[in-house]
Amino acid sequence: MTLKRSDFGEGFTWGVASAAFQVEGAWETDGKRPSVWDDAVLRGRVRGALAGLDGIDAFNRLDEDLDLIAAMGVGANRFSISWPRVFGDGRGPWNPAGGDYYDRLIDGCLARGLEPWVTVHHWDLPLALQREGGWTRRGIVEDFAVFAAELADRFGDRVRNWMVFNEPLSVIGHTVIGVHGSYGPHPMAALSSLHHMNLACAEAGRRMRDVLGDAASIGTTNVFTLAAPFHTTDERLRRRQRSLEALLVDAFLDPAAGRGYPFADSLPLRLMRRYVLDGDVEAAAFDYDFMGVQYYGPLPMTRLPLIGGIPVPSLRGAEANVRSATAIPVEPDGLLELLRRYQHHPACRRMVITESGFGMNDRLVNGEVRDDLRVWYARNHLEAVRTAVREGIAVDGFFQWSYADNIEWQLGREARFGVVYVDYDDDFRRIPKASYRWFQQLLGEGAAP
Ligand code: NOJ
């Protein structure tokens with residue numbers, strides 16, 4: 001079936017997305033201080049030895065990358081600002097040389113007709129703040145809010161669209177499984193971090209609003225991981241699914257909407273009560289202009305026959321027949337399902353798909369990359385969004401993750417997500433893949449097969 005740009009309406013935003021640590025490199029340039037992810041690389045937590053520190057050398061290829069993004073036909077470029085590049089070890093002072101890079105990036109977008117969409121924080125916490133306890137320390141709420149307000153002040157004259165935080169859930173994943181490494185596997189650290197991130201997002205939102213006023217659009221992003229199968233009649237399974245979704249999704253959306261935490265639905269969440277002080281329900285609320293929806297696939301659940309049929313999450317779930325290189329099962333219907341379900345949540349009155357994409361081990365053959373599977377993935381997920389739009393659900397943007405291959409966190413260079421291939425053996429050469437041409441067709445010519 002043909003997919004048409006016009007199916008999504010005039011005001012629909014088309015963009016690509018990336019994050020500072022994953023692309024920039026230049027980790028020590030011009031006074032940049034180390035982040036937890038630089039540290040993770042240095043301590044051997046990122047595959048590919050020290051290569052992660054180079055990103056994809058985007059810091060030095062700003063114009064080339066922006067030209068490629070503009071030529072793809074999108075109208076928006078989502079990127080994040082590295083806290084330790086612009087604000088030292090976390091509390092300033094402002095680093096003018098680091099700030100200059102983002103000035104050039106923002107101006108470069110605008111000069112090419114690309115709307116900059118800025119993520120305030122995409123996981124690269126200043127290492128010095130981590131050493132003070134990172135997100136487990138309540139004082140980080142204030143540190144983060146000061147940083148966010150500073151960005152609004154410096155860039156708000158040119159940036160209208162903001163996302164306060166990228167997928168807090170994933171930071172917690174890293175905390176519990178110790179990928180960030182700095183504070184190791186520690187479940188209680190995960191719960192205090194969760195609450196402090198919620199408080200930080202809301203406080204940052206308020207401070208940014210004070211600086212930017214109502215003309216700015218201030219959102220945030222979350223990963224929406226629904227438990228599969230989506231419509232089960234098995235009551236026990238459904239209860240278990242509900243409890244997981246409360247922990248994975250609603251624990252971020254409900255506080256934003258001023259509802260506090262869904263304690264009734266999730267046993268582990270109840271352990272968090274000790275961190276929730278008087279006034280925190282109000283303090284964790286912020287009226288976002290949009291919710292950034294990030295979706296890669298569902299969390300399949302099955303009943304384990306051996307231990308009394310207890311339903312457990314299992315990546316080997318029956319639903320999955322295609323998996324990405326990050327082991328996430330592919331289920332485009334999940335995107336439609338979550339948009340349908342969450343359209344009624346007060347934190348999701350307007351939704352933007354701030355990330356969707358497919359990780360695989362692309363190969364460069366005779367100078368070309370035929371990533372047909374990624375095209376298939378994009379088409380199917382866009383069809384889900386189109387159905388949502390037709391149903392009248394308020395979703396009005398789609399950002400492809402990512403414009404180019406980059407450092408996939410702990411997997412390093414091993415999972416490629418770009419529509420542009422990066423040849424690490426040839427000085428980071430950029431080579432547009434088949435998926436890039438497919439987007440060009442959809443966005444430039446108005447339709448793609
Ligand atoms: C979500 C994260 O925001 C992004 O940084 C990551 O690379 C993608 N998922 C793919 O795993």
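The values are calculated or read from the model by the stated rules, or taken from the named source; none is laboratory data. Keep in mind it's a predicted model, so treat the numbers as computed, not measured. Cβ sites come from the backbone with ideal geometry, for glycine too, and all protein chains shown count toward neighbours. Please note that ligands, DNA and RNA were not included when accessible areas were found on the heavy atoms of the full protein model with its side chains. Shrake-Rupley method; radii C 1.70, N 1.55, O 1.52, S 1.80 Å.
What net charge do the residues around residue 291 carry, taking every other residue with its C-beta under 13 Å from that of residue 291, with Lys and Arg at +1 and Asp and Glu at -1? Net local charge, residue 291 excluded: -4. Taking only Cα atoms and a 10 Å spring cutoff, compute GNM fluctuations for the chain and point out the largest among 167, 408, 28. It is 28.
From helices alone, the chain scores -10500 deg cm²/dmol at 222 nm; the rule is -39500 (n - 2.57) for each run of n ≥ 4 DSSP H residues, then divide by the residue total.
Take every Cα pair under 8 Å whose residues are at least 6 apart in sequence, average their separation, divide by the length of the chain, and the relative contact order is 18 percent. Between residue 138 and residue 49, the FRET efficiency from the beta-carbon distance, with R0 = 30 Å, is close to 0.25. Note on the chain: with a GNM built from Cα contacts shorter than 10 Å, the maximum mean-square fluctuation among 200, 111, 347 falls on 111. Between residue 427 and residue 447, the FRET efficiency estimated from the beta carbon spacing at R0 = 45 angstrom works out to 0.80. Here the Gaussian network model covers the chain, with springs between Cα atoms less than 10 Å apart; of 146, 365, 120, 365 fluctuates the most.
Positive end of the dipole of region 5-443 (Cβ unit charges, origin at the Cα centre): among 90, 56, 327, the Cα lying farthest that way belongs to 327. Write down the percent of antiparallel bridges among all DSSP beta bridges whose residues are both part of the chain, to the nearest 5. The antiparallel fraction comes to roughly 30 percent.
Over the C-alpha atoms of region 5-443, the Rg to Rh ratio, Rh being the Kirkwood estimate, stands at 0.94. Rounded to the nearest 20 debye, the dipole size of region 144-302 about its Cα centre is 460 debye, using +1 on the Cβ of Lys and Arg and -1 on the Cβ of Asp and Glu.
For region 327-431, which chymotrypsin sites (Phe, Trp or Tyr not before Pro) are both in a DSSP coil and crowded by at most 16 other Cβ atoms within 10 Å? Those satisfying the criteria are 424. Between the beta carbons of residue 112 and residue 239, assuming R0 = 45 Å, the FRET efficiency works out to 0.35 to the nearest 0.05.
Note on residue 196: accessible area is roughly 10 Å² with a 1.4 Å probe, heavy atoms of protein only. Taking trypsin sites (Lys or Arg not before Pro) in DSSP loop conformation with at most 12 other Cβ atoms inside 10 Å as exposed sites, the chain has its longest uninterrupted site-free stretch at 44-315. The charge dipole of the chain, taken about its Cα centre with unit charges on the Cβ of Lys, Arg, Asp and Glu (plus for the first two, minus for the last two), comes to roughly 1340 debye. Ligands, DNA and RNA aside, residue 64 has an accessible area near 80 Å² when probed at 1.4 Å.
When nucleic acids and ligands are ignored and a 1.4 Å probe is applied, residue 101 ends up with an accessible area of around 10 Å². Of the GluC sites (Glu not before Pro) found in region 320-395, the ones in coil according to DSSP and having at most 12 other Cβ atoms within 10 Å of their Cβ are 391. Electrostatic tally near residue 239: other residues with Cβ closer than 13 Å to its Cβ, Lys and Arg +1, Asp and Glu -1, net +1.
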